[in-house]
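Peer 1: Let me begin by handing over the structure; questions about it come next.
The values are calculated or read from the model by the stated rules, or taken from the named source; none is laboratory data. This structure is a prediction, so every number in the text was calculated from the model and none was measured. Positions of Cβ are backbone-derived with ideal geometry, glycine not excepted, and every protein chain shown enters the neighbour counts.
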Amino acid sequence: MVRRLLGCFTLRGLGMRRELEGDMVFDASVLVEVIFSTVGGRLVRRMLVDEVLFGYVTELAVSELRYVVCRMLGRDEAWRRVDKLLASGYFRVEEISPIVTLASEYKCERAISLPDCFSIALGEYLSMPVLFARREKELVREIERKPFDVDILFLEDYVRKHGESA
């Protein structure tokens, strides 16, 4: 189901969010945006620094972040940037063992990536919305087919709303 609120699109499970605020699960794609200081990444960073937002990530998301950055910048620079980001204290890395079964069920039933399954499973486990950087075709298709039990948010919508001021 697609809903529109204040110019910001949110594909929803249980509720709507008007702003990026509070605790939420970040998919690795959001961490990539932060690492590379994109417009969306700067928006998230500012909200983390201002303590408006706090992120939870899976161990798998950290692994995914490392390899994505490594492919773009090389191993040493990737490890330096990721370690610095994790040391910032703006994210809490959650172990995946409590959510393995739930993530596996999502992967069995849904045509989305395994890391996305883990991010959504963590959101359900912690009762928090899950933030992705952009609307991935497969994820949107699955939400439209059968909404998840958590809110799925997209950073690109908030960037559109806030423009380059992010």
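Peer 1: Working carefully through the options L53, L131, L60, find the one that is crowded, with 16+ Cβ neighbours inside 10 Å, of a type in the set (A, V, I, L, M), touching a Pro at 6+ places or on another chain (Cβ under 7 Å) and under 23 Å from I35 (Cα atoms).
Peer 2: Of the residues listed, the single one that is crowded, with 16+ Cβ neighbours inside 10 Å, of a type in the set (A, V, I, L, M), touching a Pro at 6+ places or on another chain (Cβ under 7 Å) and under 23 Å from I35 (Cα atoms) is L60.
Peer 1: Before we move on, is V62 in a helix (DSSP H, G or I), touching a residue at least 24 places away in the same chain (Cβ under 8 Å) and not charged (D, E, K, R)?
Peer 2: Yes; evaluated as a whole, the condition is true for this residue.
Peer 1: Just wondering, is there one or more residues in the stretch 22-39 that are outside any loop (DSSP other than H, G, I, E, B), modelled with pLDDT of 95 or more, among the acidic types (D, E) and within 17 Å of M128 (Cα to Cα)?
Peer 2: Yes, the stretch 22-39 contains a residue that is outside any loop (DSSP other than H, G, I, E, B), modelled with pLDDT of 95 or more, among the acidic types (D, E) and within 17 Å of M128 (Cα to Cα).
Peer 1: Going through K137, K146, K107 one at a time, which residue ends up being basic (K, R), surrounded by 13 or more Cβ atoms within 10 Å (Cβ to Cβ) and on the phi < 0 side of the Ramachandran plot?
Peer 2: K107
Peer 1: So if I check each of S113, S127, which one is in contact (Cβ under 8 Å) with a residue 12 or more places away in the chain and over 18 Å from A28 (Cβ atoms)?
Peer 2: Criteria check complete, one pass: S127.
Peer 1: Turning to a different aspect of this structure: Out of (1) touching a strand residue (DSSP E or B) at 6+ places or on another chain (Cβ under 7 Å); (2) assigned to a helix (DSSP H, G or I); (3) small (G, A, S), the odd one out for G55 is which?
Peer 2: Going through (1) touching a strand residue (DSSP E or B) at 6+ places or on another chain (Cβ under 7 Å); (2) assigned to a helix (DSSP H, G or I); (3) small (G, A, S) one by one, G55 breaks only (2).
Peer 1: Still on this structure, please answer the following. Can you run down the residue pairs with Cβ atoms below 7 Å, 6 or more apart or on separate chains, where the first is in the stretch 32-57 and under 12 Å from Y158 (Cβ atoms) and the partner is at pLDDT below 95 and among the hydroxyl-bearing types (S, T, Y)?
Peer 2: Partner pairs satisfying both residue conditions: L43/Y158.
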